[in-house]
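**Student:** One structure follows; several queries about it will come next.
The values are calculated or read from the model by the stated rules, or taken from the named source; none is laboratory data. If you're wondering where the values come from, they're calculated on a predicted model, not measured in any experiment. Reconstructed Cβ throughout: ideal geometry from the backbone, glycine too, with neighbour counts over all protein chains shown.
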Amino acid sequence: MRLKADLLLFLVAIIWGTAFVAQGIAGQYHLAYLFNGVSFILASLILIPFIPRRQKIPRLQWLWMLVAGVILFAATALQQVGIFYTKVANAGFLTSLYTVFTPFLLFIAFREKPHWLDVIAVSMAVIGAFLLSTAGRLQLQPGDALEIAGSLFWALHFVVLGKFASQFESISFASGHFFICGLMNLMLGLFLEPLSLLLALPVLGAILYRATLSIGVGYTLQVWGQKHTPPTEAALILGLEAVFAVIAGWLALGQYLLPVQIAGCVIIFLAVLTSQCKGVMVKKG
């Protein structure tokens, strides 16, 4: 079951990596809240038919769906708005810092000391993401603070899913907190962004892709996968989305990698493999 969960999270990383194309399209139209809002609400509605029949949602699940939805709203909003004011390379690297924040949040909230292999893996992942996203040259931009704040909320989202969402049925939890996230984004977008931009065909295509694959499939598999994979390890596996985003850009857009960026990809992969070694050591111990 653990291996299956890790492989599904690996699939999620691929989906999220390729979905950066959709977010880039929305960024070109300077859409953040309406884009997030419509995408998450649509994804929530798509999942409703797949919720097990006669599934009774306990009161505690409603509470944690609300908490997870609010955190997801903050993470997605900060990330998308931050892209308006910073380079995509900076956004990719700074968002990946959730791999650093996750073990620290676990220690602060649950007194879970990170395994020494986790420390090594996280350090490797940060170095790899830096080389991959910036080619070794990070130039600070006005939106970088938003991206850093967003990465903290991504880490909180990982912790909540790993520690609390795992107690409940996956699809109903996913659908519920997607709707809360989408509703909050949509309400804000109605005041800040013109609705007419949603009618552009590229935006409609981006919304459909993100709602079905990136959110509907990707986030739902994340909820299920984190039932069986510890938050720190899950964050490292999902951090591979930066690698697949670059690969997708290379295949679809002909954006070639510099040698230093290829080295970054290799380091990130090694970081994930290092985190997997922890499970083997624990079993032997």
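**Student:** Please state which one of 245, 235 is modelled with pLDDT under 75, under 23 Å from residue 12 (Cβ atoms) and part of a helix (DSSP H, G or I).
**Tutor:** On the way: 235 fails: modelled with pLDDT under 75.
Just one listed residue meets the conditions, 245.
**Student:** While we're looking at this one, here's another question. Would you point out the residue of region 192-213, among those that are within 21 Å of the chain's Cα centre (by Cα) and among the hydrophobic types (A, V, I, L, M, F, W, C), that is farthest from residue 244 (Cα to Cα)? Spell out how you get there, then give the answer.
**Tutor:** We begin by selecting, within region 192-213, every residue within 21 Å of the chain's Cα centre (by Cα); these are 203, 205-213.
With among the hydrophobic types (A, V, I, L, M, F, W, C) added as a condition, the list becomes 203, 206-208, 211, 213.
On the way: 203: 22, 206: 18, 207: 20, 208: 20, 211: 19, 213: 15 Å.
Applying the filter and picking the extreme gives 203.
**Student:** Which condition breaks for residue 115 when tested against (1) under 28 Å from residue 28 (Cα atoms); (2) in contact (Cβ under 8 Å) with a residue 40 or more places away in the chain; (3) surrounded by fewer than 22 Cβ atoms within 10 Å (Cβ to Cβ)?
**Tutor:** (1)
**Student:** Further question on the same structure: Out of all the residues in region 193-200, is one or more farther than 20 Å from residue 52 by Cα, among the aliphatic types (A, V, I, L, M) and either surrounded by 17 or more Cβ atoms within 10 Å (Cβ to Cβ) or without any contact (Cβ under 8 Å) to a residue 12 or more places away in the chain (or both)?
**Tutor:** yes
**Student:** State all residues of region 1-37 that are part of a loop (DSSP other than H, G, I, E, B) and within 24 Å of residue 186 (Cα to Cα); if no residue qualifies, say none. Show your work before the answer.
**Tutor:** Keep residues of region 1-37 that are part of a loop (DSSP other than H, G, I, E, B), which gives 1, 29-32.
Within region 1-37, 29, 30, 31, 32 qualify.
**Student:** If I ask for residues that are part of a helix (DSSP H, G or I), over 18 Å from residue 215 (Cβ atoms) and either within 20 Å of the chain's Cα centre (by Cα) or of a type outside the set (A, V, I, L, M) (or both), which ones from region 38-60 would you list? Show your work before the answer.
**Tutor:** Keep residues of region 38-60 that are part of a helix (DSSP H, G or I), which gives 38-50, 59-60.
Pick out the ones that are also over 18 Å from residue 215 (Cβ atoms) and you get 59-60.
Result: 59, single match.
**Student:** Okay, moving on. Quickly run through region 53-63 and pick out the residues that are in contact (Cβ under 8 Å) with a residue 40 or more places away in the chain and either loosely packed, with under 10 Cβ neighbours inside 10 Å or under 12 Å from residue 174 (Cβ atoms) (or both).
**Tutor:** Result: 61, single match.
**Student:** Being farther than 25 Å from residue 229 by Cβ and either charged (D, E, K, R) or touching a Ser or Thr at 6+ places or on another chain (Cβ under 7 Å) (or both) is the filter here; which residues of region 186-210 pass it? Spell out the reasoning first.
**Tutor:** The first filter runs over region 186-210 and keeps only residues farther than 25 Å from residue 229 by Cβ, leaving 186-209.
Within region 186-210, 193, 207 qualify.
**Student:** Checking the conditions here, which among 189, 216 is buried (at least 22 other Cβ atoms within 10 Å of the Cβ), over 16 Å from the mean Cα position of the chain (by Cα) and modelled with pLDDT of 85 or more? Show your work before the answer.
**Tutor:** Values: 216 fails: over 16 Å from the mean Cα position of the chain (by Cα).
One residue alone meets the criteria, 189.
**Student:** In this structure, does residue 26 turn out to be aliphatic (A, V, I, L, M), under 18 Å from the mean Cα position of the chain (by Cα) and closer than 12 Å to residue 210 by Cβ?
**Tutor:** Working: aliphatic (A, V, I, L, M): yes; under 18 Å from the mean Cα position of the chain (by Cα): yes; closer than 12 Å to residue 210 by Cβ: yes.
Taking the combined requirement at face value, the residue satisfies it.
**Student:** Further, regarding this structure: Might you let me know whether region 135-157 holds any residue that is within 28 Å of residue 60 (Cα to Cα), touching a helix residue (DSSP H, G or I) at 6+ places or on another chain (Cβ under 8 Å) and among the hydroxyl-bearing types (Ser, Thr, Tyr)? Outline the logic, then answer.
**Tutor:** Initial filter on region 135-157 (within 28 Å of residue 60 (Cα to Cα)): 149-157.
Next, from what is left, pick out any that are touching a helix residue (DSSP H, G or I) at 6+ places or on another chain (Cβ under 8 Å): 149-157.
Imposing the further condition that a residue be among the hydroxyl-bearing types (Ser, Thr, Tyr) reduces the set to 151.
Yes, region 135-157 has at least one match.
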